[in-house]
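Just below is one structure, and these are the notes that go with it.
The values are calculated or read from the model by the stated rules, or taken from the named source; none is laboratory data. What you see is a predicted model, and the numbers here were worked out from it, not measured in a lab. Cβ placement follows ideal geometry from the backbone for every residue including glycine, while neighbour counts extend to all protein chains displayed.
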C-alpha cells in the first residue's frame, strides 16, 4: 500500500501499490560440464606420474650409461673405435659415423628422458636405435640365451621408449605445461613415424 498526499483540505487515503514489473535477473549457475572438464588434481594422477617418472629414470639412466660406454669407453665400454668394429661385424658401412650417431643418440636421449625435457624427441631417438638393434638380432630368435643372442631385451627397451613418445613424461618433468606435454599424441605419432623411418633408412642404406 502506498500513501498518497493531496493538497490541504483534501483527504488522504492509501492506494494499493502496483506490483513491480521489472524482470528478475536470471540465476547464474556454472556450466554443467565444469566439473567434468576441470583440471585434475595431483592426487588423481599421482600414480601415473610416479610410474612415468620411474620409467624415465630407469630407461634414460640405462641409455646414458650405454652412450657413455660408446662415446667415452666408460664402464668398460668399447669406445667409438670398438663399437665401430662391432658394427662392421654386423654388416654396417660408415661405421665410425654410425658409432658416433648411436652413442650421441643414446647419451643425449637418455639425459633428455631423465630430465623430462623434450621427452618425445629423446625417447624417439632411443626407439630408432632399438628398432635397428632388434632387426639386426631378429635371426637369433626372441629369447636371450647368451650375450649376443635374442632380441628380447632390445624389443622391451624399444617398447618402453615408444610408450614415452606417445604418453609423454608425466607432470614431474621439465616439459610440464609445454605444448607437446598437453597434446602428447599430436607430437608423439609424428615422432614415432620419424623414428621408424630413420631406422629403416639406416638398415637399407648403411647395411650390407
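Does residue 145 satisfy the criteria of being surrounded by fewer than 20 Cβ atoms within 10 Å (Cβ to Cβ) and within 30 Å of residue 177 (Cα to Cα)?
Values: surrounded by fewer than 20 Cβ atoms within 10 Å (Cβ to Cβ): yes; within 30 Å of residue 177 (Cα to Cα): no.
Criteria not met by residue 145.
Testing residue 206 on (1) crowded, with 18+ Cβ neighbours inside 10 Å; (2) in contact with a strand residue (DSSP E or B) (Cβ under 6 Å, 6 or more places away or on another chain), one condition comes back false. Which one is that?
(1)
Do we find a residue being at pLDDT below 55 and in a loop (DSSP other than H, G, I, E, B) anywhere in region 62-82?
no
Taking residue 164 as the residue in question, decide whether it is closer than 22 Å to residue 191 by Cβ and out of contact with any strand residue (DSSP E or B) (no Cβ under 9 Å at 6 or more places or on another chain).
yes
Please give the helices (runs of 4 or more DSSP H) falling wholly within region 92-188 in which 3 or more residues are out of contact with any helix residue (DSSP H, G or I) (no Cβ under 6 Å at 6 or more places or on another chain) and more than 18 Å from residue 199 (Cα to Cα).
The helices (runs of 4 or more DSSP H) meeting that bar are 179-182.
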